[in-house]
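> I'd like to ask some things about the structure below.
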Amino acid sequence: MRDNKNKWLLATSAAALALGSASLASANTLQNTLERGAVQCGVSDGLPGFSAPDDQGEWQGLDVDVCRAVAAAVFGDAEAVRYISLNAVERFTALQSGEVDILSRNTTWTTTRDTTLGLNFAGVNFYDGQGFLVSRDLGVSSASELDGAAVCIQSGTTTELNLADYFRANGMEFDPIVFDTSEQTVGGFEAGRCDVLTSDTSQLAALRIQLSDPDSAVVLSDVISKEPLGPVVRQGDDQWFNIVKWSLFAMLNAEELGVTSENADEMRDSSNPDIARLLGQDGNYGEGMGLDANWAYNIVSQVGNYAESFERNVGMDSPLQIERGANALWTDGGFQYAPPIR
Amino acid sequence: MTIQYKMIEARPAPSNTVGPVAWLRANLFSGPVNTIFTLLGLYLLYLLLVPTIQWALINADWVGTTRDDCSREGACWVFVSTRFTQFIYGLYPRSQIWRVDVTFAVFVGMIAWLMIPRLPFKRWVALATLVAFPVFAYVMLYGGHFGLPVVQTHRWGGLMLTLVLAVVGMVGALPIGILLALGRRSQMPIVKSFCVVFIEFWRGVPLITVLFMASVMLPLFMPTGVSVDRLIRAFIGITLFQSAYMAEVIRGGLQAIPRGQEEAAAALGMSYWMRMGLIVLPQALKMMIPGIVNTFISLFKDTTLVMIIGLFDLLGIVQAALSDSRWLGFALEGYVFAAFMFWIFCFSMSRYSQYLERKLHTGHKR
């Protein structure tokens with residue numbers, strides 16, 4: 001009898017799961033988004049250069065531009081986005097439960113996240129990696145000289161684990177000093193509690209600005225971990241997955257072809273077939289995603305190409321002054337490579 | 001011998017018993033130990049106040065629009081002044097801000113009406129505040145009716161959100177708390193055990209857990225596509241949580257009323273609700289003012305916890321502003337501003353409660 005009961009429970013829960021996944025799979029995110037009139041985008045609760053509200057209350061950042069690109073592709077209006085700020089813990093739940101349709105929140109692409117959470121990573125909009133900020137007075141030029149150093153860490157398990165891995169692999173000792181927030185970490189570094197501060201390189205740039213004398217510290221060129229950051233969508237809606245993926249690719253292709261938000265209109269008359277295909281002058285490449293032929297033109301003219309977005313938010317036109325480095329196009333020695341639109 | 005027909009004028013008291021000098025001597029320099037401690041205290045005050053004032057006022061930068069206007073020698077209040085609108089209204093669309101202003105003006109007007117003793121029609125105003133105002137506030141703040149564009153709750157923020165959360169929490173928690181307190185003292189076993197379980201459950205979990213459950217777990221139990229607005233989830237969480245605390249404060253007040261009061265009322269033939277509403281509660285609530293205000297103040301400050309579910313209350317919006325790459329490194333200014341705003345509100349609440357206590361004082365205090 002008890003066995004029977006258990007079987008019943010199993011069967012019903014399996015049925016419930018199947019039903020649940022069926023409803024997820026059939027969920028038409030594009031349709032829902034069109035009905036709602038806005039893309040629901042999960043962003044951070046404030047991350048310099050990636051997503052933060054400016055003094056006008058508008059969201060700005062590299063991650064925000066992904067949301068805007070998708071909105072431009074879907075609605076032809078980059079402002080048709082509903083931003084929902086999420087912290088690190090609730091971000092996946094919010095995506096799974098349908099509270100947001102894109103999670104563009106500085107999220108590292110890992111096996112576990114990609115395969116066990118029912119989510120898909122739609123690409124990489126920033127190749128990050130854990131690096132080191134050292135005081136200039138220390139006279140250190142490479143991370144391999146850091147044996148015995150006191151290291152300030154902002155709490156967050158991967159940062160700590162990567163650090164431990166790196167030091168162990170190189171047979172070095174370190175003394176970890178863990179802080180909760182970036183202000184505390186900077187304070188600890190400045191007060192001399194540690195010789196080195198470690199975090200993702202994108203964050204180090206922001207931390208460095210907060211020092212009372214930013215020039216007193218340097219970011220070492222060593223990177224000890226792979227942190228590919230990208231937008232995430234729910235598994236099971238391939239159309240929506242494609243839209244997000246190709247919105248990102250459109251920005252990269254635009255950069256590669258030299259199309260910017262300024263010259264997008266003139267470029268529509270270009271004789272280059274690649275540009276014509278990108279800007280919807282030759283065939284309709286949005287059709288397969290349920291979009292119109294102008295999808296990529298709308299992205300580039302309203303949000304800009306990848307280079308514009310990068311420089312505006314985290315690069316040389318921003319206070320963060322992060323170099324393109326790994327995020328340069330493949331033609332310039334970086335990793336950013338988008339499949340062609342054809 | 002001369003006879004004095006006039007009264008001798010009262011002479012002034014000796015100078016060492018009146019005036020500031022005497023006060024100083026009596027209170028600060030009455031002995032060697034006191035003198036040492038006074039001087040030590042003054043020195044500490046000097047150490048503390050001088051750099052603070054220098055940082056916050058003298059060396060501070062007040063005017064400007066960008067980071068370059070900050071000399072970094074003292075506080076840079078430019079950061080706060082350029083963001084002031086945002087700290088007050090959050091991400092509420094700039095063109096719609098008048099709606100928030102009107103709502104709060106009406107609210108303040110109604111509260112002032114209730115607080116000023118001379119004004120008439122108190123009962124009607126109170127009814128309007130409790131019944132009509134929430135509807136009015138919803139229509140104004142959220143919109144969607146009478147041609148007002150909808151402002152999604154994820155755009156609400158700043159001081160406005162803090163106040164909305166606090167007011168909803170207070171208005172919701174007080175009546176629920178009273179009912180729970182009465183229920184817990186009830187003779188009816190089911191009512192009583194329900195109230196005990198409810199109170200002990202909500203008191204037993206931290207607010208941060210409640211909010212976390214509401215924001216992380218609850219959506220997973222909902223059918224796909226159905227999502228309850230996160231602000232409403234926060235409202236429900238905060239209200240239920242605070243009502244449990246309120247219930248215990250009120251139960252404490254109820255226990256202080258002698259049993260004879262209720263028995264006398266029963267002897268007059270009053271029903272349960274009449275006994276409670278006319279005899280017991282008016283006496284009890286008066287005594288509970290410090291406790292209730294205490295709970296309200298802690299609720300007001302607890303609203304900052306909604307930050308962890310991604311709502312930008314006053315503290316949250318300050319923190320979000322700190323992550324603007326154009327304004328990195330002004331954390332101290334931002335937090336000082338937030339602390340100051342919170343202090344203003346909490347201090348006024350506690351002053352009003354003291355006034356209320358004096359006004360309702362009928363010799364029950366010993």
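> Cβ-Cβ distance below 6 Å, separation of 6 or more or different chains: which pairs start in segment B:84-110 with a residue that is assigned to a loop (DSSP other than H, G, I, E, B) and end on one that is β-branched (Val, Ile, Thr)?
B:GLY90/B:ILE317
> Taking helices (runs of 4 or more DSSP H) that fall entirely within segment B:170-236, which contain at least 3 residues that are closer than 22 Å to B:MET274 by Cα and more than 12 Å from every other protein chain (Cβ to nearest Cβ)?
Those helices (runs of 4 or more DSSP H) span B:189-204.
> Could you please let me know if B:VAL131 is surrounded by 12 or more Cβ atoms within 10 Å (Cβ to Cβ) and more than 14 Å from chain A (Cβ to nearest Cβ)?
So B:VAL131 does not fit the description; no.
> For A:LEU252, state whether it is in contact with a Phe, Trp or Tyr (Cβ under 6 Å, 6 or more places away or on another chain) and more than 14 Å from chain B (Cβ to nearest Cβ).
yes
> Restricting attention to segment A:163-174, which residues are surrounded by fewer than 11 Cβ atoms within 10 Å (Cβ to Cβ) and not in a helix (DSSP H, G or I)?
Result: A:GLY171, A:GLU173.
Conditions (1) surrounded by fewer than 21 Cβ atoms within 10 Å (Cβ to Cβ); (2) at pLDDT 90 or above; (3) at negative phi, marked per residue:
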residue	(1), (2), (3)
A:SER221	yes, no, yes
A:PRO228	yes, yes, yes
A:VAL232	no, yes, yes
A:SER247	no, yes, yes
A:ASN272	yes, yes, yes
A:ALA276	yes, yes, yes
A:LEU291	no, yes, yes
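> For segment B:292-318, give me the residue count where each residue is more than 13 Å from the chain's Cα centre (by Cα) and surrounded by fewer than 20 Cβ atoms within 10 Å (Cβ to Cβ).
Looking only at that region, the number is 1.
> What is the residue count in segment B:180-234 for residues that are touching a Leu at 6+ places or on another chain (Cβ under 7 Å) and among the aromatic types (Phe, Trp, Tyr)?
2
> Filter segment B:60-72 for residues that are in a loop (DSSP other than H, G, I, E, B) and under 13 Å from B:GLU333 (Cα atoms) and give the result.
B:ALA60, B:TRP62, B:CYS70, B:ARG72
> While we're looking at this one, here's another question. Condition first: in contact with a strand residue (DSSP E or B) (Cβ under 6 Å, 6 or more places away or on another chain), closer than 16 Å to A:ARG324 by Cα and not acidic (Asp, Glu). Now tell me which residues in segment A:200-228 satisfy that.
Result: A:THR201, A:SER202, A:LEU204, A:VAL219, A:LEU220, A:VAL223, A:PRO228.
> Further question on the same structure: Considering only segment A:202-217, state which residues are outside any loop (DSSP other than H, G, I, E, B) and touching a Phe, Trp or Tyr at 6+ places or on another chain (Cβ under 9 Å).
Within segment A:202-217, A:SER202, A:LEU204, A:LEU207, A:ALA217 qualify.
> Still on this model: Looking only at helices (runs of 4 or more DSSP H) that lie completely in segment B:258-366, which have at least 3 residues being free of Cβ contacts under 8 Å to residues at least 24 places away in the same chain and within 13 Å of chain A (Cβ to nearest Cβ)?
In segment B:258-366, the matching helices (runs of 4 or more DSSP H) lie at B:314-322.
> Filtering segment A:92-129 down to residues that are modelled with pLDDT of 90 or more and of a type in the set (Phe, Trp, Tyr), which residue is nearest to A:ILE224 (Cα to Cα)?
So the residue we want is A:TYR127.
> Next up: If the requirement is being facing another protein chain (nearest Cβ under 10 Å) and either modelled with pLDDT of 80 or more or part of a helix (DSSP H, G or I) (or both), which of these qualifies: A:ASP3, A:ASP77, A:ASP55, A:ASP63?
A:ASP55
> Now a separate question. Specify the residue that is surrounded by the most Cβ atoms within 10 Å (Cβ to Cβ); the eligible residues are those in segment B:67-80 that are within 10 Å of chain A (Cβ to nearest Cβ) and over 18 Å from B:LEU315 (Cβ atoms).
Among them, the one singled out is B:ARG67.
> Could you list, ordered by first residue, the pairs with Cβ atoms under 8 Å in which the first is in segment B:32-57 and assigned to a helix (DSSP H, G or I) and the second is hydrophobic (A, V, I, L, M, F, W, C) and surrounded by 10 or more Cβ atoms within 10 Å (Cβ to Cβ), at least 6 apart or interchain?
B:ASN34/B:LEU28; B:THR35/B:LEU28; B:THR35/B:PHE29; B:THR38/B:LEU28; B:THR38/B:PHE29; B:TRP55/B:ALA75; B:ALA56/B:ALA75; B:ALA56/B:VAL336
Residues checked against (1) in contact with a Lys or Arg (Cβ under 7 Å, 6 or more places away or on another chain); (2) over 26 Å from A:ASN327 (Cα atoms); (3) part of a strand (DSSP E or B); (4) not small (Gly, Ala, Ser):
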residue: A:VAL140; (1), (2), (3), (4): no, no, no, yes
residue: A:SER144; (1), (2), (3), (4): no, no, no, no
residue: A:VAL151; (1), (2), (3), (4): no, yes, yes, yes
residue: A:LEU161; (1), (2), (3), (4): no, no, no, yes
residue: A:VAL178; (1), (2), (3), (4): no, yes, yes, yes
residue: A:GLY187; (1), (2), (3), (4): no, yes, no, no
residue: A:CYS194; (1), (2), (3), (4): no, yes, no, yes
residue: A:THR198; (1), (2), (3), (4): no, no, yes, yes
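> Of everything in segment A:94-116 that's within 12 Å of another protein chain (Cβ to nearest Cβ) and part of a loop (DSSP other than H, G, I, E, B), which residue is surrounded by the fewest Cβ atoms within 10 Å (Cβ to Cβ)?
The extreme case among them is A:GLY98.
> Of the residues A:PHE241, A:PHE249, which single one is touching a residue at least 24 places away in the same chain (Cβ under 8 Å) and touching a Pro at 6+ places or on another chain (Cβ under 9 Å)?
None of the other options fit; the residue is A:PHE249.
> Considering only residues of segment A:326-342 that are assigned to a helix (DSSP H, G or I) and free of Cβ contacts under 8 Å to residues at least 60 places away in the same chain, which is nearest to A:MET251 (Cα to Cα)?
A:TRP330
> For segment A:80-91, give me each residue that is touching a residue at least 40 places away in the same chain (Cβ under 8 Å) and within 10 Å of chain B (Cβ to nearest Cβ).
A:ARG82, A:TYR83, A:ILE84, A:SER85, A:LEU86, A:ASN87, A:ARG91
The values are calculated or read from the model by the stated rules, or taken from the named source; none is laboratory data. Computed from a prediction, not measured in an experiment: that's the story for all the values here. In this analysis, Cβ positions are derived from the backbone assuming ideal geometry, glycine residues included, and neighbour counts consider all displayed protein chains.
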